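Peer 1: This is the structure I want to talk about, given as structure tokens.
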Amino acid sequence: MEAALLNEYQIAHLVYHRDSKQHRSSLWWKHFNIFHRRLRTVLQLCIDIDEITGKRQLSSLRFTRSHFPKFQKRTLSATQAAQLVQRKKQQLQTLINYLLQRILPACYYRFYAVIELGQYLALGFTLMGLVAKTRAILLQMRSVPAPEPDPEPQLLQEEEVGELIAPAELVNASFEEPRNENKKKRNKSRKTIDDIFGF
């Protein structure tokens, strides 16, 4: 799952890098920017969890005063690793729920507007595909399963179901037009308005 999510992030990052100058003032870009940053955070949390569980160490990237990158590795004890993994998993689930409930639906509507505009169809379809694939991956990664809908809703005992009517009876049935009692009220209100304005 992480490899598939990394693939989607790489596509999103390419779109972000390629189109940031041209579309950064568009309304949908704000949502794409949030989507891109949150997806990167999800990936970083997944990488941290894998590194802590596998090697019992945590790597971080620091920049020196001369702006050179420097990797630092911190070795963890078994209890520290277990606590940190638990905390990172909780952060990951919170972020996944936030993405699924807030960010992805908003992105869907904004990216649909790109397609609807018609000027950047390829970009719009790419963004919609990113949202759909990312949502499918995040739904698999979510630890709390969504409640499943009932296959057959059960009717209450007091609820009236109705009568079965044969198609032959429908052909012979004559329908009465409903009486419109609003006509009298409308005529009365017109007379009142005419009296006020002197017509």
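The values are calculated or read from the model by the stated rules, or taken from the named source; none is laboratory data. Quantities reported herein were computed from a predicted structural model and do not represent experimental measurements. FYI the Cβ positions are ideal-geometry reconstructions off the backbone, even for glycines, and counts take in every protein chain you see.
Peer 1: When only residues in segment 96-131 that are among the small types (Gly, Ala, Ser) and in contact with a Leu (Cβ under 9 Å, 6 or more places away or on another chain) count, which is nearest to residue 7 (Cα to Cα)? First the steps, then the outcome.
Peer 2: So the first thing to find is which residues in segment 96-131 are among the small types (Gly, Ala, Ser), and the list is 106, 113, 118, 122, 124, 129.
Those still in the list that are in contact with a Leu (Cβ under 9 Å, 6 or more places away or on another chain) too: 113, 124.
Values: 113: 25, 124: 18 Å.
The residue in question is 124.
Peer 1: Among residues belonging to segment 69-107 that are hydroxyl-bearing (Ser, Thr, Tyr) and at pLDDT 90 or above, point out the one that is farthest from the chain's Cα centre (by Cα). Before you say what the answer is, go through the steps one by one.
Peer 2: Quick first cut of segment 69-107, residues hydroxyl-bearing (Ser, Thr, Tyr) only: 75, 77, 79, 94, 98.
Checking the rest, the ones that are also at pLDDT 90 or above come to 94, 98.
Working: 94: 14, 98: 9 Å.
Taking the candidates together, the pick is 94.
Peer 1: Moving on. Restricting attention to segment 1-24, report how many residues are charged (D, E, K, R) and under 15 Å from residue 133 (Cα atoms). Before the answer, list the steps.
Peer 2: Looking only at segment 1-24, we keep the residues that are charged (D, E, K, R), and these are 2, 8, 18-19, 21, 24.
So of that shortlist, the ones also under 15 Å from residue 133 (Cα atoms) come out as 2, 8.
So the count comes out to 2.
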